[in-house]
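Since every read-out is calculated from the coordinates, none of them should be taken as a lab result. No experiment lies behind these values; they were computed from the predicted model shown. Cβ placement follows ideal geometry from the backbone for every residue including glycine, while neighbour counts extend to all protein chains displayed.
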C-alpha cells in the first residue's frame, strides 16, 4: 500500500511539474491551442509600392516634339552633335531648311556622344525622284551602336515601297538578321519614322559575351521588331558575332549606291541607363 501510494505521489508530482513547465515555456498543452492560427487576411496595401518614385518627364507638345529629358541630336539647325565616322572631323553632310541630307562621297557620320541603352526617335525620307531598285534604291542605315567606320548593329533604311529585295535587308530589318514583322513603308517623298528601344550587349572582363543586345522597333508607329535578340554585329558577308566593346556612338550611313541621297530630321534620344 505504501509503495503504491509513493508511486502515485511521485507520478503526480512529475505531471504537475511538466504542466507548469509547459505553461512557462509556451509549449502547447494537450487539448489547448492545438488548432492552427488563422493567417491574417490579405490587404490591398500588401502589394502597394511607394518607392522609388519615377522622375517627372514632360512629354512633347505634339507627336513630333521631344520629351523634356531628351538629348537633341539634330533639330534642323546644325551638325554640332555629329562628326565624321572615319576620322572624327566635323560632319560634312548638308543641312538646309531644317533637314539633314546625306552627302555621298564624304562618308558616314556618327554622334559625338556615346551611349549604352536608350530610346531613339529618328525621321527619314526617301526622295520623291528616287531611282534604282533593290538595295540600290535609297539605301542607308541607322547603326544603333557603331563599332567602326562601317561596323556595328544596323537598322536598315531603304525604299521598301513596292521595291523587291531580300526580306532581311528591307526597311525595318536588323540587317541580315531579323525580318520586319510587317512592311509599313510610305511611298517616296513622304516622311517616315523609327522609334527604337535599344539594350546594348554586355561583356565579361575577359571579353566573352555576358548578355546579348536586344532591340524593339516601331516603324511609322507599327511594331516591326519585338525585343529581338541580336546574334552579333552586322555582317554583309558571313555570320554575325560579338566582339567586346563599351558604350558606342550612333552612326548614320552614307551608302555607296548610286541612287539619290536620302534625308533625316528630328533626331532625339533618351538615355535608359
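Helix 2-25 and the longest principal axis of the C-alpha atoms of the chain enclose an angle of approximately 30°.
Each 10 Å bin, from zero up to the one with the longest distance, holds this percent of the alpha carbon pairs of region 177-223: 23, 36, 23, 14, 5. Take every Cα pair under 8 Å whose residues are at least 6 apart in sequence, average their separation, divide by the length of region 62-126, and the relative contact order is 27 percent. Here region 148-228 is treated as a Stokes sphere of Kirkwood radius computed over C-alpha pairs; at 37 °C and 0.692 mPa s its diffusion coefficient rounds to 239 µm²/s. Put the Cα centre of region 38-63 next to the Cα centre of region 205-259 and the gap is 34 Å. Both numbers refer to the Cα atoms of region 138-273; Rg and Dmax are 14.7, 48 Å. Taking only Cα atoms and a 10 Å spring cutoff, compute GNM fluctuations for the chain and point out the largest among 240, 205, 90. Per the Cα network of the chain with a 10 Å cutoff, 205 tops the list. Summarising the overall dimensions of the chain from its C-alpha atoms, the Rg and Dmax are 33.0, 124 angstrom.
Measuring nothing but how far apart in sequence close Cα pairs (under 8 Å, 6+ apart) lie, relative to its length, region 121-226 scores a relative contact order of 24 percent. Over the chain, calculate the relative contact order: mean separation of alpha carbon pairs under 8 Å at least 6 apart, over the residue count, as a percent. Averaging sequence separation for qualifying contacts and normalising by length gives 24 percent for the chain. Residues 187, 176, 104, 55, ranked from the fewest to the most other C-beta atoms within 10 Å, line up as 55, 187, 104, 176.
Springs between alpha-carbon atoms under 10 Å, Gaussian network over the chain: tell me which of 61, 157, 215 tops the mean-square fluctuations. The residue that fluctuates most here is 61.
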